[in-house]
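Take a look at the structure below.
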Amino acid sequence: MDTVNGERGSSGGNNSSNNGGFMIRLLKHLKRLYRGILDKTEEVTMSYSDLVVVNSLFTRAQVEKTFPTLFLPRDDERDHGERIKVLYPAIESSLSRERANNNNTDEMTTNKSRTGPIVSLNRFERKKNVALLLHAYDLLLDRVVSKGDLTIKLPPLIIAGGYDPLNVENVEHLAELRTLADTILARYNLPRSKVYSPSSDQDSTSSATTQEGNASIEFHLSVSNTKRKQLLSTACVWCYTPHREHFGIVPLESMDAAVPVVAIRSGGPMETIVDGVTGILVDYEPIVVGQEKQSATVCGFADAIAKLISHPEQTAEMGQRGKERVHEIFGMETFRKQWWELLEEAQSRGRKRHDRICSSYPSLESSIARSLREMLIVFLLVVALTWTLRTCGMLEDDTGLIGTLKVHYRRIVGDEL
């Protein structure tokens, strides 16, 4: 069984795979050796730094696991503490823009109930785990259509993200997701999913972006900044499905637009999203093929989405709290302040390191005297070697040592020295 971000798939057990098993194992060992050499090289070179900055506590834990020697105590840590620091990436918050525009509220972030689509924004890669959201949407459709749950008015689902037609994984994964989406929609007699390319992005006025309460699934490829802003201004719920993401800037953008986020309880989202306050975090477990509706993660995502779309006023309040959190912790003002503090600390560490090393250096006068002494020794060695070669008849009287070496070099190499 192969596993990609929790999605299990069976791998063929035919004879050809058995014949290629040895080569696969060999390549894995070579890759492990190659990765080990690179990791060790990176660990050694990073050990010379005065300060190392990472983008989240989760990333810091991964650095400690991969490069343990970076966390060994050093002399400068007595004054400054550990040299692995966290600096969260930042965005220009909407509150900052509003204040810069004399408190003219950005229409994208007004605190109002939304009835727009459920949105996911990720690259079309398997590790982004977007299939999880489709399975959750399937569960919601089952509750609304099959079981007649009138408490849920299910909006459209839009899956958007970066797409490169020359990238094999992008092409294959989009086909996989669309096949899964069409299978789900056909189960409830709904129209097939639609795909909007960048060229049709501006003409998609009839898409789910402008619809309310119509269950459907759409894929938007490589959305423009205008389309991205449109999605942020209309979405009722934002879903972030990657597992063990080091940080993730998308949840910040959605919270800044006053849109609550549903995400996996792992990695960066555990630091950006406050569970039950600015969004909802769902525990993760691998999804078994054929048992998607029994998965705790799928059920958790479906329950979280249902809760948010069923209580629009509470959802709007949650979105406003997310907007304030982004401004306070992940805004540019906070980033600039922390960045300058880190620069000053790095400068202080470097200055102390320099003073500590230079205190063991010899004086300028002694260094010059030592250099002159070494030059004199080299000169005397050349004179002694030249005299010895001439005495033995190996060097003519009118030829110098360097000239003779050039002649022999041209004979052997056939080029000028």
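The table that follows gives values for the structure above.
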{"item": "Nonlocal amide H pairs with ILE287, under 5 Å, H built at 1.01 Å", "result": "GLU7, ARG8"}
{"item": "In order through segment 239-251: 3J(HN,Hα) via Karplus (6.51 cos²θ - 1.76 cosθ + 1.60), integer Hz, x for Gly, Pro", "result": "10, 10, 9, x, 9, 6, 6, 5, 9, x, 7, 4, x"}
{"item": "Integer Hz, Karplus 6.51/-1.76/1.60 couplings in order for segment 331-336, x for Gly and Pro", "result": "x, 5, 4, 5, 4, 4"}
{"item": "Amide hydrogen neighbours beyond the local backbone of VAL53, cut-off 5 Å, H modeled", "result": "LYS85"}
{"item": "Surface share of carbon and sulfur [accessible, 1.4 angstrom probe, percent] for segment 223-284", "result": "49 percent"}
{"item": "Gain on full stretching of the segment that runs from GLU396 to VAL145 - 0.36 nm per residue minus C-alpha separation", "result": "79.9 nm"}
{"item": "Accessible heavy-atom area order of ASP283, ASP275, highest first, probe of 1.4 Å", "result": "ASP283, ASP275"}
{"item": "Sequence of MET375, MET255, MET46 from largest to smallest accessible area, 1.4 Å probe", "result": "MET375, MET46, MET255"}
{"item": "Extension gain (nm, one decimal) between THR66 and ASP275, 0.36 nm per residue minus Cα-Cα", "result": "72.3 nm"}
{"item": "Restraint check, LYS40/LYS293; LYS127/LYS337; LYS153/LYS229, Cα-Cα greater than 32 Å", "result": "LYS40/LYS293; LYS127/LYS337"}
{"item": "Nitroxide proxy distance, nm - points 7 Å out along Cα→Cβ at GLU176 and ARG228", "result": "2.5 nm"}
{"item": "For ILE217, residues with placed amide H under 5 Å, excluding near neighbours", "result": "LEU157, LYS194"}
{"item": "Shape parameters for segment 240-367, alpha-carbon atoms, Rg then Dmax in Å", "result": "23.2, 81"}
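The values are calculated or read from the model by the stated rules, or taken from the named source; none is laboratory data. Quick caveat: nothing in here was measured; it's all calculated off a predicted structure. As a convention, Cβ positions derive from the backbone with ideal geometry for all residues, glycine included, and neighbour counts pool all protein chains shown. Keep in mind that these areas ignore ligands, DNA and RNA; they rest on the heavy atoms of the full protein, side chains included. Shrake-Rupley method; radii C 1.70, N 1.55, O 1.52, S 1.80 Å.
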